[in-house]
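Worksheet: one structure, shown below.
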Amino acid sequence: MTEGLFTPPYVAGTFDYLPNLTPSEVERFHAMGVPLNALIGPPPLKAGYVVFGQDGFEFEHHSPLGTEGTRAFLFLVTDPWGTALDIVAWCSKTGQLATWLGRAWAIGEDTLYDARLSDHGALPVWRNPLRYLQANREGIVIVRPHAAALYLEDAGPPLAEDALHGLELEELLTRPRPRI
């Protein structure tokens with residue numbers, strides 16, 4: 001593999017440079033039922049200012065001068081061996097969710113093939129990162145549905161939050177037939 005600008009060490013280094021949560025953010029998450037373990041990781045939940053766009057997000061300090069960013073919580077997405085793949089930004093106020101490099105398809109995707117010891121053996125799929133954090137990072141949050149559909153085909157049944165979420169997931173993960 002040729003070393004390039006966005007190799008895993010670059011992604012991990014960028015994430016390490018990002019600010020930690022403020023004490024008030026930690027308190028707010030705790031008040032919403034998020035265990036401290038879910039915030040400190042590894043990898044820890046970070047926060048920063050980002051600019052959301054059609055194809056993902058960019059860090060505010062990399063955006064054109066005068067572009068105002070939005071405060072977002074940042075998740076490092078890794079592969080099952082801990083190699084950094086991408087960073088996902090989530091704005092809790094607007095619900096926006098996006099990847100930095102377009103490599104990640106879900107928050108928690110590194111656990112896709114982990115053993116699931118519940119009676120149903122299903123992979124919990126959460127509507128949003130808050131629910132994922134409240135579940136102590138068990139399961140996934142889909143960020144890129146078309147890519148997620150490919151990975152979830154052979155990962156066992158996804159477990160939706162409720163019946164309505166199950167219908168939403170079914171629609172979200174249904175891939176269109178190829179044009180013939």
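Using the Cβ-Cβ distance between Trp81 and Asn136 with R0 set to 35 Å, the FRET efficiency from 1/(1 + (r/R0)^6) comes to roughly 0.95.
Measuring spread by the Cα atoms of the stretch 123-180 yields a radius of gyration and Dmax of 12.0, 44 Å. Residue separation of Ile180 and Tyr49 scaled by 0.36 nm, minus their Cα-Cα distance, works out to 42.7 nm of gained length. Extending 7 Å from the Cα toward the beta-carbon at both Leu172 and Asp16 defines two label points whose distance is 3.3 nm. Both radii come from the Cα set of the stretch 7-84: Rg as radius of gyration, Rh as Kirkwood radius; their ratio Rg/Rh reads 1.00. Taking amide hydrogens as placed 1.01 Å from N in the peptide plane, the amide H of Ala98 sits under 5 Å from those of Ala89, each at least 5 positions away in sequence or on another chain. The H on the amide N of Val77, modeled in the peptide plane, is under 5 Å from the matching H of Leu85, Asp86, Ile87, Val88, each at least 5 residues off or on a different chain.
If you wrap the Cα atoms of the chain in a convex hull and average its projected area over all directions, you get 12.9 nm². Between the amide H of Ser92 and those of Phe73, distances stay under 5 Å, these residues lying 5 or more places away or on another chain, with hydrogens modeled in the peptide plane. Solvent-accessible area per residue in the chain equals 59 Å², computed with a 1.4 angstrom probe and all protein chains kept. What Kirkwood Rh does the stretch 61-108 have if only Cα atoms enter the pairwise 1/r average? Answer in Å. Over the stretch 61-108, the inverse of the mean reciprocal pair distance is 11.9 Å. The largest accessible area among Tyr132, Tyr151 belongs to the first residue in Tyr151, Tyr132, and the rest follow in falling order (1.4 Å probe, all chains).
Packing order of peptides 10-19, 24-33, highest average first: 10-19, 24-33 (average count of other Cβ atoms within 10 Å over each peptide's residues).
Computed extension gain for Ser24 through Lys93, at 0.36 nm per residue and net of the alpha carbon distance, reaches 23.3 nm. Compared with the direct C-alpha span, the chain from Leu164 to His61 gains 33.2 nm at full extension, assuming 0.36 nm per residue.
The values are calculated or read from the model by the stated rules, or taken from the named source; none is laboratory data. From a predicted model like this one, the values you see are computed outputs, not experimental measurements. Positions of Cβ are backbone-derived with ideal geometry, glycine not excepted, and every protein chain shown enters the neighbour counts. Side chains included, ligands, DNA and RNA excluded: accessible areas come from the protein's heavy atoms. Shrake-Rupley method; radii C 1.70, N 1.55, O 1.52, S 1.80 Å.
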